[in-house]
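Since every read-out is calculated from the coordinates, none of them should be taken as a lab result. Bear in mind the structure is a predicted one, so any value in this text is a computation, not a measurement. No Cβ is skipped: glycine too gets one built from the backbone with ideal geometry, and neighbour counts run over all protein chains shown.
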Number of protein chains: 2
Amino acid sequence: MNEVTQLDAAFAALAHPARRAILARLAQGEATVNELAEPFEMSLPAVSKHIRVLEGANLITRARNAQFRPCTLNAAPLAAVAEWTEQYRHIWDVRFDTMTEILKDLEGK
Amino acid sequence: MNEVTQLDAAFAALAHPARRAILARLAQGEATVNELAEPFEMSLPAVSKHIRVLEGANLITRARNAQFRPCTLNAAPLAAVAEWTEQYRHIWDVRFDTMTEILKDLEGK
DNA sequence: AAGTTAATTAATCAAGTGGTTAAATAATGC
DNA sequence: GCATTATTTAACCACTTGATTAATTAACTT
């Protein structure tokens, strides 16, 4: 619905390195909470909370399989973030400016 | 230096709609605090704090000009965010998968 | 039924966020 | 020097975040 709050939640969720690491792991396939928690030093409840934040931002979806709750990556909010960021690309992408100048030069002749 | 905390700060700063609006304004050229505050209903100190967060994430740089402190957009963290996000593009970009399949088909023949 | 494994909830805590109003600082212009 | 304009700092408040340990729920295994 609201594009703004969707982006708010996505950006906020991505602001923590543990959550970005969890997403990186999920990019290679679904994983359970324990699997996701394994690389971290923090407690399981802490990881559980991070997962909840990611879920709240719709960055992951959770299923049920016996006592496991496998998580899968959800692309849509990442696409929204990419789309938002792309609108600023011309600011840092020097090649962009160079290219448009070259094209203008060519048209001018 | 530390790539992770740089991204942390950038994502956290981008998580607030007012701060994204400020960046959008600065994308069109430098502006003073009062100019940046004008579209918002919140108080000037509140805007000042948002600006400080953006500065902390290195998303803007501040100069001095008499009693004004003009802000300018800083592209580097946005580029870092874009780069981070791009690594997930293949997950949502269906055209990517379609394209690679087409290429595989062509090679197979 | 009892034990094990997976995950969440509860209670707690310190620190951070986002906002306010009121006061202070900085620089300009008369 | 004094008033004005631009901006920040201070003090405060409610709420959220990120973490902990201990307890609980859920589902499988024997």
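Some notes on this structure:
- Short-range pairs are left out: with C-alpha atoms under 8 Å and at least six residues apart, the relative contact order of the range A:3-108 is 27 percent.
- Summed side-chain charge close to B:A46 - residues other than B:A46 whose Cβ falls under 14 Å, Lys, Arg +1, Asp, Glu -1: +1
- Radius 13 Å from Cβ of A:E86, net charge of other residues (Lys, Arg +1; Asp, Glu -1): -3
- Ordering of B:45-56, A:9-20, B:15-26 by burial proxy (mean other Cβ atoms within 10 Å per residue, highest first): A:9-20, B:15-26, B:45-56
- Helix-only CD estimate at 222 nm, as mean residue ellipticity for chain B, using -39500 (n - 2.57) per DSSP H run (n ≥ 4): -19000 deg cm²/dmol
- Principal axis dimensions, largest first and in whole angstrom, of chain A by Cα: 70, 31, 22
- Estimated dipole of the protein assembly as shown in Debye, rounded to 20 [Cβ of Lys and Arg +1, of Asp and Glu -1, Cα centre]: 580 debye
- With an a/c value of 1.5 or above and a/b not larger than b/c for the gyration tensor axes a ≥ b ≥ c computed over the alpha-carbon atoms, the protein assembly as shown is described as oblate.
- Taking chymotrypsin sites (Phe, Trp or Tyr not before Pro) across the range B:21-93, the ones in a DSSP loop with at most 15 further Cβ atoms lying within 10 angstrom of their Cβ are B:F40.
- Inter-copy separations for A:T72, label at 7 Å along Cα-Cβ, nm, ascending: 4.8
- B:F68-A:L106 FRET efficiency (beta carbon distance; Förster radius 35 Å; 0.05 resolution): 0.25
- Label spacing, shortest first and in nm, from A:P39 to its equivalents in the remaining copies (7 angstrom along Cα→Cβ): 3.8
- Principal-axis tilt of helix A:3-14 within chain A, Cα atoms, nearest 10 degrees: 60 degrees
- GluC sites (Glu not before Pro) within the range A:10-50, DSSP loop, no more than 14 other Cβ atoms inside 10 Å: A:E41
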